[in-house]
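Asker: Below is the structure I would like to discuss, written out as structure tokens.
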Amino acid sequence: MENKKEPYVLIGLYQALYKDRYNKSISLNKFREKWAMQDVIDSVGFERAKELLLYYFSTSKVGHPIQFFYYNFDKMDQVKKEIARDRLNRNTLLQETKKMVEENDEH
Amino acid sequence: MNTEAILISAVCKNKDISTLLADNVDDLFTSHRDVWESLKTYYYKFKAVPEVGVIMERHKDFQPQDTNAETGYYLDKLKNEYITARIKNVLLKAGSMLKEDGASRVLATMQSELADLTRYTNNVRDLDITDADSAIRHFESVKARSAVMGGSPGIITGFKAIDKAYPTGMAPGHLIVAIGWPGKGKTWFSSYLACKAWEQGFKPMIVSLEMSPENMRDRIYTMLGSGLFKASDLSKGDISIDDFRSWSTKKFENKNSFILVSNEGNKEVTPATVQGKIDQHKPDLVILDYHQLFNDTKRSHSEVERNRNISREFKLLAVSNNIPIIDITAATADDISDQDNPPMMSQVAWSKAIEYDADMAMAIHRYPNTNMIEVVSRKNRHGHDFNFYLDWDINRGVIKEIYENPFQNDTQTN
């Protein structure tokens, strides 16, 4: 069931992240933005939308406009999934490499 | 005059054996095959083309010839003579076969033999896998080269993981791509490979379009000093000159040179410029720092086309000069990628070109505010993929390989 507070929570998070990053506040029309943010939540869920907002501010997008987030959150979701897969692969590779080097040392 | 002797004399004079090594030339030598084999063996062993006198010492009957033109000119001449002789032979044989055999069979034989000759007339190299003798000659040559190179036909990196997973080492003709986000340690890492090559007796050449040669030299001294010098002190000139003199005298005595080339940001540099420097210095390993700062020979305006061409031209430089080349490439962040992990190929523009041209691609990633550098293979045409960390005190040049994830418990980083 739709939680009416969730879009406002995310808009608030966006504003806090913006202030952290740029050291200035951004004013938004929350009543207008909530519809777009609700679409994001409907697509990926509240928790994932929160993760994506945090991720958005780790990218080098200049100005981090909220509109860009609305238009690209699905792409960021894909990139994040790909990074997570790669992290798992790298950990597996690390273990395999360790084994390979140890075997080599034994011979 | 014997054209084979002229060609060998030209190679000894011009020192450009790569012109021959990159082509199908073994079969062209008949009367001087043993001299040519000696020349190759010498080159593989000492990484230099001998003076003609050295050849004469070994082959008493070899008579050197005066040459005034490029090696390629004499190579074309020898090819022409060889093909002419072979065609004559095919025609004579066909004439005699026609007396006893059907025309269609004679034609088929001629076509097959003439088709074989085309490999000497074009610029691609080919071989017949059913020619076991040719394969055996190749294996013997690789084995001999490996024996003199310390176990692998290429230059070993000194990192256990890479040397195990990349058994050829940085071999002649290989294009190795080091990818990383800006400022994440790829130049340090590649320079370290150059130091390792130099310590093994090879001659590296770093073409840096990003740093001044003095800055790059400070980095190299830091790494070669293994804790003796701090990069921060070298950059301020804050060292004991006597200590440095004593260290450098001992370190550089009887060693190959280590070439740094820089344009100081003033002039465009293309693969043709790099070829000129290769001809001048005859390095065993070339590091190009970095890809995006080079221009392609055609000077393309489109960024994608330019980078694709450069990748291709770097590969050709490696093959035609018969040396390994390390191409340092900065991953370009788009608006939806962070830079917190080693870049994946999908995050690198023109990654398709890298996938086509590179023999090996590694992502290098230094984690912020730590000494940890992750090195992960993104493509390895010659073996397994690998991943490991380096605990690298960059300021002191002290490096340790690590095969555990140092961020195991760090949820943010991993």
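Asker: Could you order peptides B:282-290, A:95-103 by the average number of other Cβ atoms within 10 Å of their residues, highest first?
Answerer: Order by mean packing, descending: B:282-290, A:95-103.
Asker: Quick one: accessible surface of A:L93, probe radius 1.4 Å, all protein chains present, in square angstrom to the nearest 10.
Answerer: Accessible area, nearest 10 Å²: 30 Å².
Asker: Using only alpha-carbon positions, what ratio does the radius of gyration of chain B give when scaled by 2.2 N^0.38 Å?
Answerer: It is 1.14.
Asker: Another question, then. Roll a 1.4 Å probe over the protein chains and send me the accessible area per residue for the protein assembly as shown in Å².
Answerer: Counting only protein heavy atoms, the per-residue value for the protein assembly as shown is 51 Å².
Asker: Determine Rg/Rh for the protein assembly as shown; Rg is computed over alpha-carbon atoms and Rh is the Kirkwood hydrodynamic estimate from the same atoms.
Answerer: Ratio of gyration radius to Kirkwood radius for the protein assembly as shown: 1.07.
Asker: If each Cα of region B:126-236 is one equal point scatterer, what is log10 of I(q)/I(0) from the Debye formula at q = 0.09, 0.23 Å⁻¹?
Answerer: One equal scatterer on each Cα of region B:126-236 leads to -0.34, -1.36.
Asker: Now for a separate question. Can you give me the Cα centroid spacing of region B:52-76 and region A:70-101 in angstrom?
Answerer: Their Cα centres are 56 Å away from one another.
Asker: Only four residue types carry charge here, +1 at the Cβ of Lys and Arg and -1 at the Cβ of Asp and Glu. Report the dipole size of the protein assembly as shown about the Cα centre in Debye, rounded to the nearest 20.
Answerer: Dipole of the protein assembly as shown, to the nearest 20 debye: 760 debye.
Asker: Report, in degrees rounded to the nearest 10, the 0 to 90 angle that the Cα long axis of helix A:46-56 makes with the longest principal axis of chain A.
Answerer: The helix A:46-56 is inclined about 80 degrees to chain A.
Asker: Got a sec? Charge dipole of region A:6-106, +1 on Cβ for Lys and Arg, -1 for Asp and Glu; which of A:Y18, A:V40, A:F57 is way out at the positive end?
Answerer: My answer, from the dipole projection, is A:Y18.
Asker: Please report the spacing between the Cα centers of region B:216-287 and region A:1-47 in Å, no decimals.
Answerer: 53
Asker: Let me ask another. Out of every Cα pair in region A:6-106, what percent are spaced more than 19 Å from each other?
Answerer: The answer is 51 percent, as a whole percent.
Asker: Just from its helices, what would the mean residue ellipticity at 222 nm be for chain B, if runs of 4 or more DSSP H residues each count -39500 (n - 2.57) and the sum is divided by every residue, rounded to the nearest 500 deg cm²/dmol?
Answerer: Result for chain B, helices only: -14000 deg cm²/dmol.
Asker: What is the helix-to-structure angle for B:3-14, meaning the angle in degrees between its Cα long axis and the longest Cα principal axis of chain B, kept from 0 to 90 and rounded to the nearest 10?
Answerer: 20
Asker: Let me ask another. Which of B:I328, B:N405, B:A103 sits farthest toward the positive end of the charge dipole of chain B, with +1 on the Cβ of Lys and Arg and -1 on the Cβ of Asp and Glu?
Answerer: B:A103
Asker: Now a separate question. Report in % the part of the accessible area of region A:6-106 that belongs to carbon and sulfur, leaving out ligands and nucleic acids; probe 1.4 Å.
Answerer: Carbon and sulfur: 50 percent of the exposed surface of region A:6-106.
Asker: Right, another one. Expressed as a rounded percentage, what relative contact order does region A:6-106 have, with Cα pairs under 8 Å and six or more residues apart?
Answerer: 24
Asker: Okay, next question. Please give every one of the lysines within straight-line cross-link reach of B:K13, meaning a C-alpha to C-alpha distance under 27 Å, and leave out same-chain neighbours fewer than 8 residues apart.
Answerer: Within the straight-line limit of under 27 Å, B:K13 reaches these lysines: B:K40, B:K45, B:K47, B:K60, B:K77, B:K79, B:K203, B:K255, B:K277, B:K282, B:K315.
Asker: Another question, then. Output the relative contact order of chain B, whole-number percent, from Cα pairs under 8 angstrom with separation of 6+ residues.
Answerer: 17
Asker: Where in region B:377-403 does accessible area fall by at least 40 Å² between the isolated chain and the complete protein assembly, at a 1.4 Å probe radius?
Answerer: Those are B:N387, B:Y403, which lose 40 Å² or more relative to the chain on its own.
Asker: Given 0.36 nm per residue, what is the gain on full extension from B:T109 to B:T249 after removing their alpha carbon distance, in nm?
Answerer: Between B:T109 and B:T249, full extension yields 43.8 nm more.
Asker: Nearest 100 Å² is fine: how much accessible area is buried between A and B, summed over both sides, with a 1.4 Å probe?
Answerer: The summed interface area works out to 2400 Å².
Asker: Further question: Using a 1.4 angstrom probe on heavy atoms only, work out the carbon and sulfur share of the accessible area of region B:155-296 in %.
Answerer: 46
Asker: Now a separate question. With label points built 7 Å along Cα→Cβ from the Cα atoms of A:K75 and B:K45, find their separation and express it in nm.
Answerer: About 5.9 nm, to one decimal.
Asker: On a 0 to 90° scale, report how tilted helix B:186-199 is relative to the longest principal axis of chain B, with both axes built from alpha carbons and the result rounded to the nearest 10.
Answerer: 60
Asker: OK, next. Evaluate peptide B:328-340: per residue, the Cβ atoms of other protein chains within 10 Å of its Cβ; return the mean as an integer.
Answerer: Per residue, the number of nearby Cβ atoms from other chains is 5 on average.
The values are calculated or read from the model by the stated rules, or taken from the named source; none is laboratory data. On a predicted model such as this, the values are computed, not experimentally measured, just so you know. Every residue, glycine as well, gets a Cβ built from its backbone with ideal geometry; the counts of neighbours run over all protein chains shown. These area figures cover heavy atoms from the full protein model, side chains too; ligands, DNA and RNA do not enter into them. Shrake-Rupley method; radii C 1.70, N 1.55, O 1.52, S 1.80 Å.
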